[in-house]
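Below is one structure; the comments refer to it alone.
The values are calculated or read from the model by the stated rules, or taken from the named source; none is laboratory data. Please read all numbers here as calculations on a predicted model, not as lab measurements. Glycine gets a Cβ as well: all are built from the backbone with ideal geometry, and neighbour counts include every protein chain shown. With ligands, DNA and RNA removed, areas are computed over all heavy atoms of the protein, side chains included. Shrake-Rupley method; radii C 1.70, N 1.55, O 1.52, S 1.80 Å.
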Amino acid sequence: MRILVTGGAGFIGSALCRRLVLQSGHEVVNLDKLTYAANLASLDLIRDSDRAHLHHFVHGDIADVPLVTSLLQKHEIDAVIHLAAESHVDRSIDGPSVFIETNVLGTSKLLGAVTSYWNGLAVSRKANFRFLHVSTDEVFGDLPFDASLFNETTPYAPSSPYSASKAASDHLVRAWHETYGLPTIISNCSNNYGPFHFPEKLIPLVILNALEGKKLPVYGTGANVRDWLFVEDHARALELIVSKGRPGETYLIGGNSERTNLEVVQKICDLLDEYVPNTEGSTRRALISFVTDRPGHDRRYAIDASKIRAELGWSPSMTFDDGLRQTVRWFLENELWWRPIGEGTYRGDRLGKTGAAH
Ligand code: NAD
């Protein structure tokens, strides 16, 4: 397949590109605006492989309709997997506008460009075309601790500007299917973690702060529960959905690994104590510091993934304990990837070095 991936220099997008190109041999056009969250170094494994010719990096915006149209036509795209977004809840509270611009308006522009292209395809290519919209379980909002899991019929009730903007984009994608017949599919996934994770998110932030002996901020009492999924399991689910999922459907993807934030932070502390013990023998759990909870902080997200398991045969292959261990080891062994992020030298200069085609 020739697949247009948006946001492929981000955390999940880069894992997806590595999978599609290196494992499956698909041809990928990777459109990314290179916001602060992008990192071209996450694509080095592709650049340095003998499949580098299958990956075309394009620095650009999903809202640039002429650019998107020309990429769709030039590369005769068979499927779009849309991940480009502003993705950090805390940033959405401080500045919601860019979330609405990218996640809502950007998605509507992208849908418009893709629909025009799709309308011009020959009958068989038109029938096989797919637009997979990658969304989050946060659109379902606050799940009480004793409530049953989210599933494909759970009503939307987003709590943050981020989740509201993703909910809006999900509705647009669904409407484009109902109104224009575009073969769209929506996936809503739980919290991801793994290698190449930008260190503003909980798990990489705690790993790097703990390594440097800094405080480990935990919101409220740390009782909030998330259902953690290893990023490579998510990438595998997305590939399966784009090739075998049914248009017009939604698939929920989850790790079946509910943990409180405090449990996650404590586990990271213990792993670091095991791999790089403090010289004075103290434990890193002593660095945990509880901070005022953020507004609209949902108590719990948890996914019932039985639909994707029954229809497409997907289930997570990585346990949380193994995945977290692997992630901690990856950060210990890949300082060259994360160190430049703190120094702010990780995007443009790499683009300069590698040129626009990466
Ligand atoms: P990320 O922030 O790491 O990456 C987003 C990427 O999109 C970046 O590379 C950025 O440069 C790019 N981008 C932003 N605006 C753009 C624009 N206008 N045009 C082109 N590119 C643009 O995000 P992520 O964690 O990899 O998440 C990817 C997608 O998956 C998002 O849509 C997010 O809502 C969804 N999701 C994330 C999680 C999670 O736990 N991280 C869980 C479920 C769903």
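Consider region 1-31. How many of its residues are within 15 Å of the ligand (Cβ to nearest atom), among the aliphatic types (A, V, I, L, M), surrounded by 24 or more Cβ atoms within 10 Å (Cβ to Cβ) and not in a helix (DSSP H, G or I)?
Summing the residues that are within 15 Å of the ligand (Cβ to nearest atom), among the aliphatic types (A, V, I, L, M), surrounded by 24 or more Cβ atoms within 10 Å (Cβ to Cβ) and not in a helix (DSSP H, G or I) in region 1-31 gives 5.
Restricting attention to region 124-161, which residues are under 30 Å from Met1 (Cβ atoms) and in contact (Cβ under 8 Å) with a residue 60 or more places away in the chain?
Arg130, Leu132, Val134, Asp137, Glu138, Phe150, Asn151, Glu152
State which residue is most open to solvent (accessible area, probe 1.4 Å) when the search covers only region 53-111 and only residues that are outside any helix (DSSP H, G or I) and charged (D, E, K, R).
The extreme case among them is Glu76.
Is there a residue being within 14 Å of the ligand (Cβ to nearest atom) and among the basic types (Lys, Arg) anywhere in region 168-188?
No, region 168-188 contains no residue that is within 14 Å of the ligand (Cβ to nearest atom) and among the basic types (Lys, Arg).
Mind listing whichever residues of region 169-209 are among the small types (Gly, Ala, Ser) and open to solvent by less than 30 Å² (accessible area, probe 1.4 Å)?
Selection gives Ser169, Ser187, Ser190, Gly194.
Exactly one condition in (1) acidic (Asp, Glu); (2) farther than 16 Å from Lys166 by Cα; (3) within 12 Å of the ligand (Cβ to nearest atom) is false for Asp50; which is it?
Among (1) acidic (Asp, Glu); (2) farther than 16 Å from Lys166 by Cα; (3) within 12 Å of the ligand (Cβ to nearest atom), the lone unmet condition for Asp50 is (3).
If you go through region 26-76, how many residues are under 16 Å from the mean Cα position of the chain (by Cα) and within 19 Å of Ile341 (Cβ to Cβ)?
Selection size over region 26-76: 11.
Test Leu132 against the criterion of being crowded, with 17+ Cβ neighbours inside 10 Å, hydrophobic (A, V, I, L, M, F, W, C), touching a His at 6+ places or on another chain (Cβ under 8 Å) and over 30 Å from Ala223 (Cβ atoms), and give yes or no.
yes
Hey, could you check region 210-236 for residues that are within 20 Å of Asp322 (Cα to Cα) and β-branched (Val, Ile, Thr) and say which is most open to solvent (accessible area, probe 1.4 Å)?
Val225
For region 246-300, which residues satisfy the criterion of being of a type in the set (Asp, Glu) and either closer than 30 Å to Tyr156 by Cα or at pLDDT 95 or above (or both)?
Matches in region 246-300: Glu249, Glu258, Glu263, Asp270, Asp273, Glu274, Asp293, Asp298.
Kindly list, by first and then second residue, each pair from a residue in region 262-281 that is touching a residue at least 12 places away in the same chain (Cβ under 8 Å) and basic (Lys, Arg) to a residue that is in a helix (DSSP H, G or I) and open to solvent by less than 60 Å² (accessible area, probe 1.4 Å), limited to pairs with Cβ atoms under 7 Å and residues at least 6 apart or on different chains.
Lys267/Leu324
What number of residues in region 318-336 are more than 18 Å from the chain's Cα centre (by Cα) and under 20 Å from Leu149 (Cβ atoms)?
So the answer is 1.
Among all residue pairs at least 6 apart or on different chains, which show Cβ distances below 7 Å where the first residue, located in region 216-235, is basic (Lys, Arg) and the second is assigned to a loop (DSSP other than H, G, I, E, B) and open to solvent by less than 20 Å² (accessible area, probe 1.4 Å)?
So the pair list comes out as Arg226/Ser190; Arg226/Tyr301.
Just checking, how many residues over region 305-324 are among the basic types (Lys, Arg) and open to solvent by 80 Å² or more (accessible area, probe 1.4 Å)?
The total comes to 1.
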